[in-house]
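Everything on this sheet refers to the single structure shown next.
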Amino acid sequence: MAADAADVVEIRSALVRLRRATGLPVVFGGLMESGRRRVRISELSGTATAALSSLAVTSGSGLGGKAVALARPCAVTDYSAARHISHEYDAPVAAEGLRSVVAVPVVVRRRVRGVLYGALRAAQPLGDRTLSAAVEAARDVEQALLLREEARELVTAARPGPLREVAPGAAREQVREAHAALRALLPRVTDASLRTELLDVCALLAGGAGCGPAGGVRLAPREVDVLACVADGATNAAAAERLGVRAETVKAYLRSAMRKLGARTRGEAVVAARRAGWLP
């Protein structure tokens, strides 16, 4: 999958957090080029020259290339003198004056998607705290990219065909499962354009505008999220895990939705929500 602007933003934000958390003077990184086994350095912070800007790091070459090839973090205390890496990029590294460097791959679904670097201009060990912070920053990017991929896959799977006209039975259950999965993803999506797209697909799956009929019951987004989980057969505890909230919070949203829908049980609430166009 080709990198998009949102993926680049994730790399940039992770590097900012890494530099702030560790005090590293230089951080940089980039994403794998589409269809090629190399990383293009696009994001830099703290650099004094343009030597590393747009540098293409091939898998297996240099420190970052080794991290890509092994799909694990790699570090050196003195880059130019390190014996366990190749030295194709010594010139740009030396031009920037970097000595101690760590490279951490961003791995999503067993595929390297990018690399984050942190560096010192002195030949001294980076320390466990710094190395751990670099790994944590890469994990943050991985989670964001994975979430975006899952959301897009659900959108792609849900869009084809007149979903509201699907016959009852297994196909209808698939529609409902897709709707529940999308609603569970929504609270974790921070990308505004992707969130809008997910909401549009949820509305399509529900067979309406996603806000009930004119003059009808008005439900809050979280109430719909909880009802979607309940409709999918989730317990309060399971719904809480999916949505990233406490079970007590799920109960509160469910009680509120039931009150608005005039329902006395969970099952009645789901039926009423479907009639109102909130659920498929």
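The values are calculated or read from the model by the stated rules, or taken from the named source; none is laboratory data. Predicted model, so just to flag it, every value in this text is computed and none were measured. Ideal geometry is used to build each Cβ from the backbone, glycine not excepted, and the neighbour counts take in all protein chains shown.
What's the total number of residues in the stretch 4-30 that are out of contact with any Leu (no Cβ under 9 Å at 6 or more places or on another chain) and of a type outside the set (S, T, N, Q)?
10
Among (1) in contact with a Cys (Cβ under 9 Å, 6 or more places away or on another chain); (2) in contact (Cβ under 8 Å) with a residue 40 or more places away in the chain, which single condition is Gln124 missing?
(1)
Give the stretch 224-261 a look and list any residue that's in a loop (DSSP other than H, G, I, E, B) and closer than 18 Å to Val201 by Cα, or say none.
Asp232
Please tell me if Val9 is in contact with a Cys (Cβ under 9 Å, 6 or more places away or on another chain) and either modelled with pLDDT of 95 or more or within 22 Å of Leu145 (Cα to Cα) (or both).
When the stated conditions are applied, Val9 does not pass them.
How do the pairs read when you match residues in the stretch 262-280 that are closer than 16 Å to Cys202 by Cβ with residues anywhere that are assigned to a loop (DSSP other than H, G, I, E, B) and among the hydrophobic types (A, V, I, L, M, F, W, C), using Cβ under 6 Å and keeping only pairs 6 or more apart or on different chains?
Ala273/Leu279; Ala276/Val217; Trp278/Leu219
Which ones in the stretch 101-134 are buried (at least 17 other Cβ atoms within 10 Å of the Cβ) and part of a helix (DSSP H, G or I)?
Thr130, Leu131, Ala133, Ala134
Within the stretch 196-225, take every residue that is charged (D, E, K, R) and either surrounded by fewer than 16 Cβ atoms within 10 Å (Cβ to Cβ) or closer than 25 Å to Lys251 by Cα (or both) and give me the one that is modelled with the highest pLDDT.
It comes out as Glu223.
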